[in-house]
Amino acid sequence: ALSEARLQAFLDNAPFIMSIKDVEGRLLMINREGAESYEAPEETLRGHLTEELLPDAAGRAITSMSREVMATGGVVTKEIQLPTHERYHWSLEIEFPIRDSAGRITAIGGFAVDISEQKKAELALRESEARLRAIFDHVPVTLSLSNPAGRYTMINRRFLDKVGKSQDEVIGHTAEEV
């Protein structure tokens, strides 16, 4: 009883989703974070398949991960988008086999980490880089950026026209090499 209470305290205080499913994918256990992400008490979630709880592409993707764990016996990791969820809009899902002492898979363990903020930051960075590239390519002068070692990291079209080389022949090289 004490070890179960310790395990439950550990699970319920984890800042990410932790779950255990049977070999058919039915939920056996989920921590507090997971229950909150489904907006349902743990007791009502137990016994359900992922696709019953997430009847969309995300549910199908997670179910596919569980099947892959069962087929390969290995760890499966994927980034999954849950467009209808505010929290865990993007999730790093990790599923892995839980084995008995004979090495047989008896359950599937899972973690889900909310990577929504990271994805938003990546999108903002891509958008910013696209704006910079658009400005860089449309100014009427030759422009280039180099790293501290003097290797070109960014050049504009005018630069390429001036040196008569392709981007692949310039990026990563020094002025002396170009």
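Below is a table of values for the structure above.
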read-out: Wholly within region 95-160, strands (runs of 3 or more DSSP E) carrying at least 2 residues that are touching a Pro at 6+ places or on another chain (Cβ under 9 Å) and either open to solvent by 70 Å² or more (accessible area, probe 1.4 Å) or closer than 30 Å to residue 64 by Cα (or both); value: 105-114
read-out: Residue among 39, 51, 43 that is on the phi > 0 side of the Ramachandran plot and modelled with pLDDT under 95; value: 39
read-out: Filtered residues of region 107-164 (kept if closer than 30 Å to residue 18 by Cα and β-branched (Val, Ile, Thr)); value: 108, 113, 115
read-out: Residue that is nearest to residue 105 (Cα to Cα), among those in region 1-54 that are assigned to a helix (DSSP H, G or I) and of a type in the set (Ser, Thr, Tyr); value: 50
read-out: Pairs with Cβ under 6 Å, 6+ apart, first in region 88-117 and without any contact (Cβ under 8 Å) to a residue 24 or more places away in the chain, second acidic (Asp, Glu) and in a strand (DSSP E or B); value: 92/79
read-out: Residues that are more than 18 Å from residue 36 (Cα to Cα) and in contact with a Phe, Trp or Tyr (Cβ under 8 Å, 6 or more places away or on another chain), drawn from region 96-110; value: 108, 109
read-out: Identity of the residue in region 1-52, of a type in the set (S, T, N, Q) and open to solvent by 40 Å² or more (accessible area, probe 1.4 Å), that ends up farthest from residue 95 (Cα to Cα); value: 3
read-out: Residue 64 being in contact with a His (Cβ under 8 Å, 6 or more places away or on another chain) and either surrounded by fewer than 17 Cβ atoms within 10 Å (Cβ to Cβ) or not in a strand (DSSP E or B) (or both); value: no
read-out: Sole residue being β-branched (Val, Ile, Thr), in contact with a strand residue (DSSP E or B) (Cβ under 6 Å, 6 or more places away or on another chain) and closer than 30 Å to residue 165 by Cα, chosen from 153, 77, 142; value: 153
read-out: Pairs where the first residue, in region 13-36, is closer than 24 Å to residue 70 by Cα and the second is part of a helix (DSSP H, G or I) and hydrophobic (A, V, I, L, M, F, W, C), C-beta under 6 Å, 6+ apart; value: 18/11; 27/45; 30/45; 31/11
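The values are calculated or read from the model by the stated rules, or taken from the named source; none is laboratory data. Bear in mind that the values here come from a model prediction, so they are computed numbers and not experimental data. In this analysis, Cβ positions are derived from the backbone assuming ideal geometry, glycine residues included, and neighbour counts consider all displayed protein chains. Just the protein is used for accessible areas: all its heavy atoms, side chains included, with ligands, DNA and RNA removed. Shrake-Rupley method; radii C 1.70, N 1.55, O 1.52, S 1.80 Å.
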